[in-house]
Amino acid sequence: MVAGVDGSAPSTDAALWAAREADLRGIPLRLLLVNDDPGRAEQAAKALAEAASACREQVPGVQLAEETTQGHPIDELVRRSAMAELLVVGSRGHGGFVEALLGSVSASVAMHGACPVVVVRGHGTTGPVVVGVDNSRGSRTALDFAFEAASRCRTDLVAVQALPDAYFHPGPFPHPDRDELRADAERHLAEQLSGWASTYPDVPVRRIATNEHPVAALREAAADARLLVVGHRGRGGFTGLLLGSVAAGALHHAPCPVAVIRSTNP
């Protein structure tokens, strides 16, 4: 597992989240600081040491390595994601080493990372795992990650499928009424979850089918969550209802860490 750090408070939060997750998984964690300014090498080394010290103090059992490297943060983090089980970044960066994370770095890494990417917002240490579902390959990959996370944390899973009111605007073609669409969404959601019960019998599941906008539905469901999981096709867009704007909305507005799960299948 790799966590990107830069000396900012959000990146320290991300490092601590990653340390707890690595300890829970029983895998080593590498704290990586990508310095794009050679003149700040000493400051970079200090920032990395402070993040590592915080991790060792709060998660003494974690297997921890530290590394500082030169380069462009986005390029290097994406490159490292090809060799990582999980990549973790903070929700906002520190101008000396990375740009504002949701302005460029975390959003780019989340979209282009080869492994699952977690953008840490809030604390995310208690509560259920929430996952967005839309009957796509991307959301099935997200379900796999979400069920595994819920089982590992011994918590509930909340699966959310949203059919926003925009789908009910009048148009030239006939369409089902709201109740029929809602019933159809609930049926599809139940079908998508049915196969997981035998694999994860220890995970209680709650289903939410709603006509709220997906971002609002996910944000509301994640109000007390430890993690929000969304799927990504891996070709530059979120599939089905989990469009790029929805995923971006989750990354910007979720009250908890957000895991973006890449699916290489079309």
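The values are calculated or read from the model by the stated rules, or taken from the named source; none is laboratory data. All values derive from a computational prediction rather than experimental measurement. Here the Cβ is made from the backbone with ideal geometry for all residues, glycine too, and neighbour counts use every protein chain on show. Accessible surface areas use protein heavy atoms only, side chains included; no ligands, DNA or RNA. Shrake-Rupley method; radii C 1.70, N 1.55, O 1.52, S 1.80 Å.
Structure values in brief
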| quantity | calculated |
| --- | --- |
| Answer residue from the range 45-72, given it is more than 12 Å from Gly7 (Cα to Cα) and hydrophobic (A, V, I, L, M, F, W, C) and is surrounded by the fewest Cβ atoms within 10 Å (Cβ to Cβ) among those | Ala65 |
| Residue selected from the range 196-224 under the condition modelled with pLDDT under 90 and more than 27 Å from Leu251 (Cα to Cα), by the criterion least open to solvent (accessible area, probe 1.4 Å) | Ala197 |
| Residue in the range 132-147 that is at pLDDT below 85, under 14 Å from the mean Cα position of the chain (by Cα) and more than 26 Å from Val59 (Cβ to Cβ) present | yes |
| Hits in the range 95-114 - residues which are surrounded by fewer than 17 Cβ atoms within 10 Å (Cβ to Cβ) and either at pLDDT 80 or above or under 11 Å from the mean Cα position of the chain (by Cα) (or both) | Ala114 |
| Residues being open to solvent by 10 Å² or more (accessible area, probe 1.4 Å), part of a helix (DSSP H, G or I) and not β-branched (Val, Ile, Thr) - total across the range 1-42 | 15 |
| Residue in the range 180-195 that is open to solvent by less than 50 Å² (accessible area, probe 1.4 Å), under 21 Å from Ala107 (Cα atoms) and at pLDDT 80 or above present | no |
